[in-house]
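Structure first, commentary second.
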Amino acid sequence: MGTVRRREPGVPLPLLVPAVLAVAFLVLPLAGLVVRAPWGELGSQLTGPAVGQALRLSLVSATAATGLSLVLGVPLAWVLARSRARGRSVLRALVTVPLVLPPVVGGVALFLVLGRQGIVGRWLDQALDVTIPFTTTAVVIAETFVAMPFLVISVEGALRAADARFEDAAATLGADRWTTFRRVTLPLVAPGIAAGAVLCWARALGEFGATITFAGNFPGTTQTMPLAVYLALQQDPDAAIVLSLVLLVVSVATLLLLRDRWLTRAVR
Amino acid sequence: MSRCAVLGTALVLLLAGCGGSADGDAAATPSDDPAGPSGTLTVFAAASLTDVFPDLGERLEADHPGLDVQFNFAGSSALATQITQGAPADVFASANGSQMAVVTDAGLAAGEPRVFAANVLQLAVPAGNPAGVTGLADLAREELAVALCAPQVPCGAAAEDVLAAAGVTAAPDTFEEDVRAALTKVELGEVDAALVYRTDVTAAGDAVEGIDVPEAEQAVNDYPVAVLADAPNPEAAAAFVELVRSEEGQQALEDAGFRVP
């Protein structure tokens, strides 16, 4: 893991103790899941058609939400970090509201805008005959709403930390701002974007409240893994543990794979 | 207005310094006992009791200064899970027998659960009934947005029974995690119909209209209540259960749309 490994005298005690506590705090609940998992019935639980369906839907919608967040969120992060417009701090506070909003409230808010009776949704429904709630599109929208701020904050931080002199140099050499953004800024902050995207994807994958409120819960269309886990918990806690483990293993595996294939290369 | 009456009654009882429990078989009404229940009482109650129990809690608090009644409203199955996982609850009021059985089977109830109310399903439609829903058969119409409770929660299990009795294959757009979530979607006008409890339709006021379904008699949900074996405050728990089963409590439940035994 460590690329910088010269003269490492060990971790100072005041850092080591809290760090170990932090690991215990974060990892023990996962260990609890693993210990309590009904390993004997694992096979029968996993072969149910609902599991594959929910898992596929989760992966597809979280990835789509991450894609949408990249397309919209990176430009937003640039505006927050680079533009000189007034009211940027207000804008920043506004776009990070989904971070503090209880997701269920976010789901209701989405209804009020995009629902059949919503401000925009009413028009979509009547003029274009498009209804968003209770569709996979609604899942992606709910997940994007909750997860995009994570990407925006990460990328904005990366942009602020990036050396602006490279951009200045590109500008002196005659590049316009768009070219500078594409050819200089983007490669410069690629690790930050990658980290933000991973965070965004992970948050979208675990999204529950906004999804079950705005998109509802229907197997195959809107029932993602967290929803399946929640409902399984109502009746069969063992099945819920198995489903949680599946989600856990798949997400950790994906993140590790990405880290090897993509993140480390970007960091270099 | 009924709330005023309730508060007024509570105040009168408080001033008179005598408990008004109409339950004749109780040896002593709670407030005759100077020590009386005090401290904190934690009641885990089915989501459908959200509009009745807080009033009853206030009455009990008025009868017993020093008593603080806390409620945890959620789907009965979620509550049963919390209780079996060791949540510190005094009373469990479930929306059906099977979730109460989860708790009693685990040996966590003190004594036999008592049925204190019953609830039947009703079709809930947004005010004005925009989709022209008239009965269960409309739930099969593909073009309608329909919400049912998930089969894992009591209202969903009851909905399955009712639909089976009616011979209707519903075309739901969503299986909601609890009955209030289904109701919210009707209130917002996002679904054209949902099968919820009659009490939920009553609670929603003017935003929602209820349509009786005869087949609902096939799946009447009994609501049992029990004091829990590990109750931190068993005395207050017993007083609350007694109040729920008293004439006063039964009247409040009836006003909210419940049937009482």
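Descriptive notes on the structure:
- Considering helices alone, the calculated mean residue ellipticity of the protein assembly as shown at 222 nm is -17000 deg cm²/dmol, with DSSP H runs of length four and up weighted by -39500 (n - 2.57) and normalised per residue.
- Spherically averaged projected area in nm², based on the convex hull that wraps the Cα atoms of region B:121-219: 5.1 nm²
- Percentage of interatomic Cα-Cα distances in region A:102-174 larger than 17 Å: 60 percent
- Here's how it looks for B:Asn72: its modeled amide H is under 5 Å from those of B:Val43, B:Phe44, B:Ala45, which are all 5 or more places away or on a different chain.
- Within region A:58-267, all pairs of alpha-carbon atoms sorted by distance into 10 Å bins from zero give the percentages 9, 28, 31, 21, 9, 2, 0.
- Relative contact order of chain A, defined on C-alpha pairs under 8 angstrom at six or more residues apart (%): 28 percent
- Comparing A:Ile119, A:Ile141, A:Ile193 in a Gaussian network model of chain A where C-alpha atoms under 10 Å apart are linked, the largest mean-square fluctuation is found at A:Ile119.
- Shown here: the protein assembly as shown, whose C-alpha atoms stretch 93, 64, 54 Å along the first, second and third principal axes, sorted largest to smallest.
- Residues whose amide H lies under 5 Å from that of B:Thr40, counting only those 5 or more places away or on a different chain, are B:Asp68; hydrogens are built 1.01 Å from N in the peptide plane.
- Residue of A:Leu245, A:Leu80, A:Leu124 that the Gaussian network model of chain A assigns the largest fluctuation, springs spanning Cα pairs under 10 Å: A:Leu124
- Between B:Val196, B:Val213, B:Val186, the residue with the greatest mean-square fluctuation in the GNM of chain B (Cα pairs under 10 Å linked by springs) is B:Val213.
- For region A:45-146, trypsin sites (Lys or Arg not before Pro) meeting the loop criterion (DSSP other than H, G, I, E, B) and having at most 14 other Cβ atoms within 10 Å: A:Arg84, A:Arg86.
- Taken residue by residue and averaged, Cβ atoms of other chains lying within 10 Å of the Cβ of A:97-105 number 0.
- Residues whose amide H falls under 5 Å from that of B:Leu228, counting only those 5 or more places apart or on a different chain, are B:Val91, B:Phe92, B:Ala110, with hydrogens built in the peptide plane.
Here, each number is a calculation from the coordinates, and none is a lab measurement. Owing to the predicted nature of the structure, the values given are computational and were not obtained by experimental measurement. With ideal geometry, Cβ positions are generated from the backbone for all residues, glycine too; neighbour counts draw on all protein chains shown.
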